[in-house]
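Asker: Quick one: structure below, then a few questions.
Quick note: the coordinates plus some simple rules give every number you see, no bench work behind them. Here the structure is a predicted model, which means the values were calculated and not measured. Note that we place each Cβ from the backbone using ideal geometry, even for glycine, and neighbour counts take in every protein chain shown.
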Amino acid sequence: MKKSSSQIFRKIIQTSLLIALALAVRSLSVMINFMGAPGMRISFAQVFSRMPALLFGPFFGGLATGTVDVLGYLIRPEGAYIPLLTLTQILDGVLTGFIFREVKKVETKRIQTAMWFAFILIGVIGLVNLVISKFYPQSHIALALDSMGKRKDYLIMGLVAVSMIGLILLLLNFIVKKRFPDSDIHKYYLKLLLTFGLVGIPITILNTYILILFIPGLSNIGFTLFLIPRVLEEILMTVVVSYITAFLLAVYDKVIYKKQVLKEV
């Protein structure tokens with residue numbers, strides 16, 4: 001019983017420290033405005049706000065991301081407070097905990113193979129749609145794409161862009177792994193990249209809809225035009241944040257986790 005209580009207390013203390021670090025980093029974030037309204041935050045706070053989800057699971061993950069969102073707004077308010085955005089941040093932490101719990105059980109090679117296949121498939125779909133819309137304008141697929149209007153080009157080029165970015169990342173990871181085969185970062189990087197991507201992109205899409213719904217000025221931009229830079233920013237930040245987080249998890253394993261195991265023994 002005492003051992004269980006001490007473990008919970010340890011998780012609370014470490015989560016509190018990570019929340020404090022996330023708030024400190026968040027205070028250095030940059031907010032980009034759209035039509036005079038806050039629309040996109042560039043910050044590395046997720047490195048620390050998501051860490052409890054990775055270390056201790058969904059409950060502590062949701063607690064950390066939700067607390068960071070509320071306290072971050074109180075410390076540095078930017079625009080109107082929207083409770084739904086706090087709920088999506090809690091969802092971010094909860095989903096990160098659940099997904100990483102399953103992803104970390106899978107071998108890195110299997111994840112790498114699946115990601116290669118997925119990004120190639122996405123690129124092929126984008127290129128096929130591009131060819132059909134150019135050379136077979138009367139086909140059912142081309143007519144369906146034309147019905148989307150300007151969003152057709154965003155969809156097609158978006159698929160190709162996501163495929164190219166993903167394949168470049170996998171290639172860079174392959175090169176780095178060959179150059180530094182013994183680095184502990186490889187243990188986590190692709191797993192974190194997959195986890196953060198599966199969580200971050202859907203949350204970004206949901207947040208974009210909420211922002212347009214509650215901030216009147218943003219509705220003039222249009223959902224698609226507002227979403228594109230936010231998704232691109234999310235993808236780029238996911239790459240960087242995953243690498244930093246992988247490094248910190250490797251350090252945690254070597255320093256903190258080993259000390260905890262020795263104490264328990």
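Asker: In segment 36-138, how does Rg compare with the Kirkwood Rh, expressed as the Rg/Rh ratio over alpha carbon atoms? Display every interim value, and only then the final one.
Answerer: Working: Rg = 19.4 Å, Rh = 16.7 Å.
Checking Rg against Rh, the ratio lands at 1.17.
Asker: With θ set to phi - 60° and the Karplus curve 6.51 cos²θ - 1.76 cosθ + 1.60, what are the ³J(HN,Hα) couplings of segment 125-131 in order, to the nearest whole Hz, using x for Gly and Pro?
Answerer: 4, x, 5, 4, 5, 5, 5
Asker: Let me ask something else about it. Please give me the summed charge of the neighbours of Leu84: other residues whose Cβ is under 14 Å from its Cβ, Lys and Arg +1, Asp and Glu -1. Intermediate results must be reported in sequence, preceding the final value.
Answerer: Details: positive: none; negative: Asp69, Asp92.
Cβ neighbours under 14 Å give a net charge of -2.
Asker: How large is ³J(HN,Hα) for each residue in segment 47-58, as worked out from phi by the Karplus curve 6.51 cos²θ - 1.76 cosθ + 1.60 (θ = phi - 60°), to whole Hz, x for Gly and Pro?
Answerer: Karplus-based 3J(HN,Hα) across segment 47-58 equals 4, 9, 5, 8, 4, x, 5, 6, 7, 10, x, x Hz.
Asker: Please give the peptides 202-209, 125-132 ranked by average Cβ packing (other Cβ atoms within 10 Å per residue), highest first, as a rough proxy for protection. All intermediate terms of the calculation are to be shown ahead of the outcome.
Answerer: On the way: 202-209: 17.8, 125-132: 16.0.
So the peptides 202-209, 125-132, ranked by packing, come out 202-209, 125-132.
Asker: Between Ala118 and Leu28, what length in nm is gained on full extension when 0.36 nm per residue of separation is reduced by their alpha carbon distance? Intermediate values should be presented prior to the final figure.
Answerer: Working: separation 90, 0.36 × 90 = 32.40 nm, distance 3.52 nm.
Length gained, Ala118 through Leu28: 28.9 nm.
Asker: A follow-up question, please. Using per-residue counts of other Cβ atoms within 10 Å, averaged over each peptide, order 61-72, 19-30 from highest down.
Answerer: Working: 61-72: 22.8, 19-30: 16.1.
Ranking, from highest mean packing down: 61-72, 19-30.
Asker: Please list, in chain and number order, the residues 5+ apart from Asn33 or on another chain whose amide H is under 5 Å from its amide H, with Hs placed from the backbone.
Answerer: Amide H neighbours of Asn33: Gly39.
Asker: Net charge within 12 Å of Gly93 by Cβ-Cβ distance, Lys/Arg positive one each and Asp/Glu negative one each, not counting Gly93 itself?
Answerer: On the way: positive: Arg50; negative: Asp69, Asp92.
Charge balance near Gly93 sits at -1.
Asker: How big is Rg to Rh over segment 60-114, alpha-carbon atoms, Rh as the Kirkwood inverse-mean-distance radius?
Answerer: Details: Rg = 15.3 Å, Rh = 12.8 Å.
Reported Rg/Rh (Cα atoms, Kirkwood Rh): 1.20.
Asker: Here's a follow-up. What is the total of Lys pairs in segment 1-129 with C-alpha atoms under 28 Å apart, excluding same-chain pairs fewer than 8 positions apart? Present the calculation step by step, with values, prior to reporting the outcome.
Answerer: Values: Lys2/Lys11; Lys3/Lys11; Lys3/Lys104; Lys3/Lys105; Lys11/Lys104; Lys11/Lys105.
Value for segment 1-129: 6.
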